[in-house]
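The values are calculated or read from the model by the stated rules, or taken from the named source; none is laboratory data. Just so it is clear, the model here is predicted, and its values are computed rather than measured. Every residue, glycine as well, gets a Cβ built from its backbone with ideal geometry; the counts of neighbours run over all protein chains shown.
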Ligand SMILES: O=C(O)CCC(=O)C(=O)O
Ligand SMILES: [Fe+2]
């Protein structure tokens, strides 16, 4: 898909898929590392919900792994993201999301809308992305998306969810799915007994967004920042700190 087609697809349907944005062997190396990071008890404090065994989100990956840096600053992705959010986009957070065998489907939701009015803004406030670190399949918990739902300009109600038809976005590892923050979506159920879905989730916001309001996000440590290439530094310089409490409100 060309950049132009990707932008048009996201505008129309609320999401787009960029296939094979990194080679599969690179995704495999990342998968090995991310399963290790999730299994390391030292990282449990950075889980979104330490009590959810079957669906684990690990925040602060940017400090734990350098392989994700290339994804955060990926030129093809940034071109799409900048079209919607402007040149001075910022990284919200990069986190890994592991859907384990027998994990139930997640709730269908829109992203980062807790501070927004019921009638959501026409201007996009966030573009989210999820890198397929393992292949995404219908069975292993591929992300579900409700096409066109960003045009509704509201959070999905219970009846919206009951009446909507989420579609799983499947793809080879190394592919990346992008969506508008207002697009209704959620993680799929993993109906297998032995297949693990690993993803790298990277959220981008415009410079006017109050990132301090995002729960669970971790700072980029100064020593991490110092090692980064300049194009990546430009995306994260607003969230450099030694401790989470120094820059986030909760
Ligand atoms: O894990 C998934 O497939 C979806 C995660 C999600 O809802 C998000 O990253 O906003
Ligand atoms: Fe989400």
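Miscellaneous remarks
- Test for residue 187: is it in contact (Cβ under 8 Å) with a residue 24 or more places away in the chain, farther than 16 Å from residue 94 by Cα and either within 21 Å of the chain's Cα centre (by Cα) or buried (at least 16 other Cβ atoms within 10 Å of the Cβ) (or both): yes
- Test: residue in segment 87-94 that is over 19 Å from residue 204 (Cα atoms) and modelled with pLDDT of 95 or more: no
- Residue within segment 59-72 that is crowded, with 16+ Cβ neighbours inside 10 Å, in contact (Cβ under 8 Å) with a residue 24 or more places away in the chain and within 16 Å of ligand 2 (Cβ to nearest atom) present: yes
- Restricting the first member to segment 100-117 and to residues that are farther than 21 Å from residue 183 by Cβ and modelled with pLDDT of 95 or more, and the second to residues that are near ligand 1 (Cβ under 9 Å from one of its atoms) and in a loop (DSSP other than H, G, I, E, B), the beta-carbon pairs closer than 8 Å and six or more apart or on different chains are 103/141; 103/187.
- For first residues located in segment 138-164 and part of a helix (DSSP H, G or I), partners that are buried (at least 16 other Cβ atoms within 10 Å of the Cβ) and lie 6+ apart or on another chain with Cβ distances below 6 Å form the pairs 149/14; 149/183; 149/184; 150/14; 150/180; 150/182; 150/183; 161/108.
- Residues located in segment 94-108, provided they are surrounded by 14 or more Cβ atoms within 10 Å (Cβ to Cβ) and within 12 Å of ligand 2 (Cβ to nearest atom): 95, 97, 106, 108
- Some residue of segment 26-37 being part of a loop (DSSP other than H, G, I, E, B) and out of contact with any strand residue (DSSP E or B) (no Cβ under 7 Å at 6 or more places or on another chain): no
- The set of residues from segment 46-58 being out of contact with any helix residue (DSSP H, G or I) (no Cβ under 8 Å at 6 or more places or on another chain) and in contact (Cβ under 8 Å) with a residue 40 or more places away in the chain comprises 46, 48, 53, 54, 55, 57.
- All conditions in (1) over 20 Å from residue 100 (Cα atoms); (2) touching a strand residue (DSSP E or B) at 6+ places or on another chain (Cβ under 7 Å) hold for residue 182, with the sole exception of (2).
- Qualifying residue in segment 132-143 (condition: farther than 25 Å from residue 27 by Cβ and in contact with a strand residue (DSSP E or B) (Cβ under 6 Å, 6 or more places away or on another chain)): no
- Any chance residue 42 is within 16 Å of ligand 1 (Cβ to nearest atom) and either over 21 Å from residue 190 (Cβ atoms) or touching a residue at least 40 places away in the same chain (Cβ under 8 Å) (or both): no
- Meets criteria (within 23 Å of residue 220 (Cβ to Cβ), in contact (Cβ under 8 Å) with a residue 24 or more places away in the chain, in contact with a strand residue (DSSP E or B) (Cβ under 6 Å, 6 or more places away or on another chain) and surrounded by 16 or more Cβ atoms within 10 Å (Cβ to Cβ)) for residue 15: no
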